[in-house]
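Reading through the C-alpha coordinates given below for one structure.
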Amino acid sequence: MFIVTGAYHWWPKLVGFRNDYCLRCAAERRSVRIRTFDAGHIFWVPVLPVGFWKHWYCTVCGSDPHANPKTRPFFKWAGVVILIMFAVVSWIEPVTPDSVEISWAIRIGAPLGAILLLVHLLRTPKETPLKVRLAAIGPAADTTCPFCSTPMISGERWSCPACGVVRH
(Lines give C-alpha, C1' and ligand atoms only; values in the text may rest on other atoms or scores of the structure.)
Protein backbone atom coordinates (compact mmCIF):
# COMPACT_ATOMS: atom_id res chain seq x y z
CA MET A 1 0.00 0.00 0.00
CA PHE A 2 1.27 3.46 -0.90
CA ILE A 3 1.09 5.97 1.96
CA VAL A 4 1.93 9.64 1.36
CA THR A 5 3.59 11.29 4.38
CA GLY A 6 5.56 14.45 4.93
CA ALA A 7 5.74 17.71 6.82
CA TYR A 8 4.15 21.12 6.47
CA HIS A 9 6.08 24.27 7.42
CA TRP A 10 3.58 27.05 8.14
CA TRP A 11 4.01 30.72 9.03
CA PRO A 12 7.65 31.20 8.01
CA LYS A 13 9.43 34.08 9.75
CA LEU A 14 12.99 35.20 9.08
CA VAL A 15 14.89 35.17 12.38
CA GLY A 16 18.62 35.13 11.53
CA PHE A 17 21.43 35.05 8.99
CA ARG A 18 25.09 34.00 8.84
CA ASN A 19 27.96 33.33 6.48
CA ASP A 20 28.01 29.60 5.84
CA TYR A 21 29.35 26.85 3.58
CA CYS A 22 26.66 25.17 1.45
CA LEU A 23 27.45 21.55 0.60
CA ARG A 24 25.00 21.51 -2.33
CA CYS A 25 26.50 24.66 -3.88
CA ALA A 26 30.03 23.63 -2.75
CA ALA A 27 30.82 27.28 -1.98
CA GLU A 28 30.66 29.95 0.70
CA ARG A 29 27.14 31.34 0.86
CA ARG A 30 24.81 33.38 3.04
CA SER A 31 22.34 31.27 5.02
CA VAL A 32 19.10 32.45 6.58
CA ARG A 33 17.33 30.98 9.58
CA ILE A 34 13.57 30.67 9.24
CA ARG A 35 11.21 29.79 12.08
CA THR A 36 8.14 27.81 11.05
CA PHE A 37 5.31 25.94 12.70
CA ASP A 38 5.77 22.33 11.60
CA ALA A 39 3.14 19.62 11.33
CA GLY A 40 3.35 16.07 10.04
CA HIS A 41 0.79 14.92 7.50
CA ILE A 42 -0.60 11.68 6.11
CA PHE A 43 -2.25 11.97 2.69
CA TRP A 44 -1.92 15.78 2.96
CA VAL A 45 -4.05 15.91 6.12
CA PRO A 46 -2.14 17.44 9.05
CA VAL A 47 -2.24 14.96 11.93
CA LEU A 48 0.75 15.70 14.17
CA PRO A 49 1.57 19.28 15.18
CA VAL A 50 5.25 19.34 16.14
CA GLY A 51 5.58 22.98 17.18
CA PHE A 52 7.85 25.85 16.22
CA TRP A 53 11.18 24.87 14.67
CA LYS A 54 14.04 26.85 13.16
CA HIS A 55 15.61 25.75 9.87
CA TRP A 56 18.69 27.06 8.03
CA TYR A 57 18.43 27.61 4.25
CA CYS A 58 21.03 28.61 1.66
CA THR A 59 20.01 31.87 -0.04
CA VAL A 60 21.23 30.62 -3.46
CA CYS A 61 19.89 27.05 -3.75
CA GLY A 62 17.24 27.10 -0.97
CA SER A 63 18.34 23.83 0.65
CA ASP A 64 19.78 23.01 4.06
CA PRO A 65 23.40 24.16 3.76
CA HIS A 66 24.79 21.26 5.83
CA ALA A 67 22.77 18.46 4.20
CA ASN A 68 25.16 16.46 2.05
CA PRO A 69 23.63 15.80 -1.41
CA LYS A 70 26.16 13.07 -2.27
CA THR A 71 25.79 9.36 -1.70
CA ARG A 72 27.69 8.19 1.36
CA PRO A 73 30.61 5.80 0.69
CA PHE A 74 29.00 3.07 2.82
CA PHE A 75 26.10 2.79 0.35
CA LYS A 76 28.50 2.70 -2.61
CA TRP A 77 30.44 -0.17 -1.01
CA ALA A 78 27.14 -1.93 -0.31
CA GLY A 79 26.34 -1.52 -4.03
CA VAL A 80 29.65 -3.14 -4.98
CA VAL A 81 28.91 -6.11 -2.71
CA ILE A 82 25.38 -6.50 -4.08
CA LEU A 83 26.58 -6.31 -7.70
CA ILE A 84 29.25 -8.95 -6.99
CA MET A 85 26.59 -11.19 -5.41
CA PHE A 86 24.36 -10.76 -8.48
CA ALA A 87 27.30 -11.63 -10.72
CA VAL A 88 28.18 -14.79 -8.75
CA VAL A 89 24.57 -15.98 -8.61
CA SER A 90 24.00 -15.31 -12.31
CA TRP A 91 27.05 -17.42 -13.27
CA ILE A 92 26.13 -20.25 -10.88
CA GLU A 93 22.50 -20.55 -12.03
CA PRO A 94 21.95 -22.21 -15.41
CA VAL A 95 20.41 -20.14 -18.19
CA THR A 96 16.80 -21.09 -18.92
CA PRO A 97 15.49 -20.76 -22.48
CA ASP A 98 12.79 -18.23 -21.49
CA SER A 99 15.25 -15.76 -19.85
CA VAL A 100 18.37 -15.90 -22.01
CA GLU A 101 18.60 -12.12 -22.61
CA ILE A 102 18.04 -11.17 -18.97
CA SER A 103 20.51 -13.79 -17.71
CA TRP A 104 23.27 -12.63 -20.05
CA ALA A 105 22.56 -8.98 -19.31
CA ILE A 106 23.02 -9.67 -15.59
CA ARG A 107 26.08 -11.89 -16.23
CA ILE A 108 27.78 -9.06 -18.14
CA GLY A 109 26.27 -5.98 -16.49
CA ALA A 110 26.70 -6.89 -12.81
CA PRO A 111 30.50 -7.49 -12.94
CA LEU A 112 30.98 -4.49 -15.21
CA GLY A 113 28.96 -2.29 -12.84
CA ALA A 114 30.89 -3.63 -9.83
CA ILE A 115 34.23 -2.89 -11.51
CA LEU A 116 33.19 0.63 -12.54
CA LEU A 117 31.84 1.41 -9.07
CA LEU A 118 34.98 0.02 -7.43
CA VAL A 119 37.20 2.16 -9.68
CA HIS A 120 35.07 5.20 -8.81
CA LEU A 121 35.38 4.48 -5.08
CA LEU A 122 39.14 4.00 -5.21
CA ARG A 123 39.80 7.09 -7.35
CA THR A 124 37.51 9.53 -5.52
CA PRO A 125 39.58 11.75 -3.20
CA LYS A 126 38.54 12.06 0.42
CA GLU A 127 36.45 15.18 1.00
CA THR A 128 37.43 17.97 3.35
CA PRO A 129 35.31 17.78 6.52
CA LEU A 130 32.60 20.41 6.96
CA LYS A 131 34.21 21.66 10.19
CA VAL A 132 37.38 22.58 8.31
CA ARG A 133 35.41 24.37 5.60
CA LEU A 134 33.37 26.29 8.19
CA ALA A 135 36.51 27.32 10.08
CA ALA A 136 37.80 29.06 6.94
CA ILE A 137 34.68 31.25 6.70
CA GLY A 138 34.58 34.49 8.62
CA PRO A 139 31.53 35.51 10.65
CA ALA A 140 28.96 37.90 9.22
CA ALA A 141 30.01 41.49 9.86
CA ASP A 142 26.96 43.37 8.57
CA THR A 143 26.05 46.49 10.52
CA THR A 144 22.85 47.06 8.56
CA CYS A 145 20.08 44.51 8.18
CA PRO A 146 20.39 42.82 4.75
CA PHE A 147 16.60 42.42 4.57
CA CYS A 148 15.20 45.81 5.62
CA SER A 149 18.35 48.05 5.50
CA THR A 150 17.89 49.22 9.10
CA PRO A 151 21.04 49.74 11.20
CA MET A 152 21.56 46.78 13.51
CA ILE A 153 21.85 47.19 17.28
CA SER A 154 24.79 45.64 19.09
CA GLY A 155 24.32 43.98 22.43
CA GLU A 156 24.64 40.36 23.40
CA ARG A 157 24.00 39.69 19.71
CA TRP A 158 23.64 42.02 16.77
CA SER A 159 19.96 42.31 15.90
CA CYS A 160 17.67 44.41 13.75
CA PRO A 161 15.19 46.56 15.70
CA ALA A 162 12.78 46.70 12.74
CA CYS A 163 12.40 43.04 11.71
CA GLY A 164 14.02 41.22 14.65
CA VAL A 165 16.62 39.35 12.58
CA VAL A 166 19.72 38.23 14.53
CA ARG A 167 23.23 38.07 13.07
CA HIS A 168 24.87 34.73 13.92
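Checked against (1) under 30 Å from residue 34 (Cα atoms); (2) modelled with pLDDT under 90; (3) open to solvent by 60 Å² or more (accessible area, probe 1.4 Å), residue 163 passes all but a single condition, namely (3).
The single condition from (1) surrounded by 11 or more Cβ atoms within 10 Å (Cβ to Cβ); (2) closer than 28 Å to residue 126 by Cα that residue 72 fails is (1). Considering only residues of segment 1-60 that are under 19 Å from residue 148 (Cα atoms) and charged (D, E, K, R), which is most open to solvent (accessible area, probe 1.4 Å)? Filtering segment 1-60 for residues that are under 19 Å from residue 148 (Cα atoms) and charged (D, E, K, R), the one most open to solvent (accessible area, probe 1.4 Å) comes out as 13.
Within segment 84-133, take every residue that is among the basic types (Lys, Arg) and open to solvent by 100 Å² or more (accessible area, probe 1.4 Å) and give me the one that is farthest from residue 68 (Cα to Cα).
So the first thing to find is which residues in segment 84-133 are among the basic types (Lys, Arg), and the list is 107, 123, 126, 131, 133.
Then drop every residue that is not open to solvent by 100 Å² or more (accessible area, probe 1.4 Å), which leaves 123, 126, 131.
Working: 123: 20, 126: 14, 131: 13 Å.
Ranking the qualifying residues of segment 84-133, first place goes to 123.
Scanning segment 124-163 for residues that are outside any loop (DSSP other than H, G, I, E, B), under 23 Å from the mean Cα position of the chain (by Cα) and free of Cβ contacts under 8 Å to residues at least 60 places away in the same chain yields a total of 3.
Against the list (1) surrounded by fewer than 13 Cβ atoms within 10 Å (Cβ to Cβ); (2) of a type outside the set (Gly, Ala, Ser); (3) within 25 Å of residue 26 (Cβ to Cβ), the condition residue 157 fails is (3).
The values are calculated or read from the model by the stated rules, or taken from the named source; none is laboratory data. Not measured: the values here are computed from a predicted model. Here Cβ is always computed from backbone atoms with ideal geometry, including for glycine, and neighbour counts include all displayed protein chains. Please note that ligands, DNA and RNA were not included when accessible areas were found on the heavy atoms of the full protein model with its side chains. Shrake-Rupley method; radii C 1.70, N 1.55, O 1.52, S 1.80 Å.
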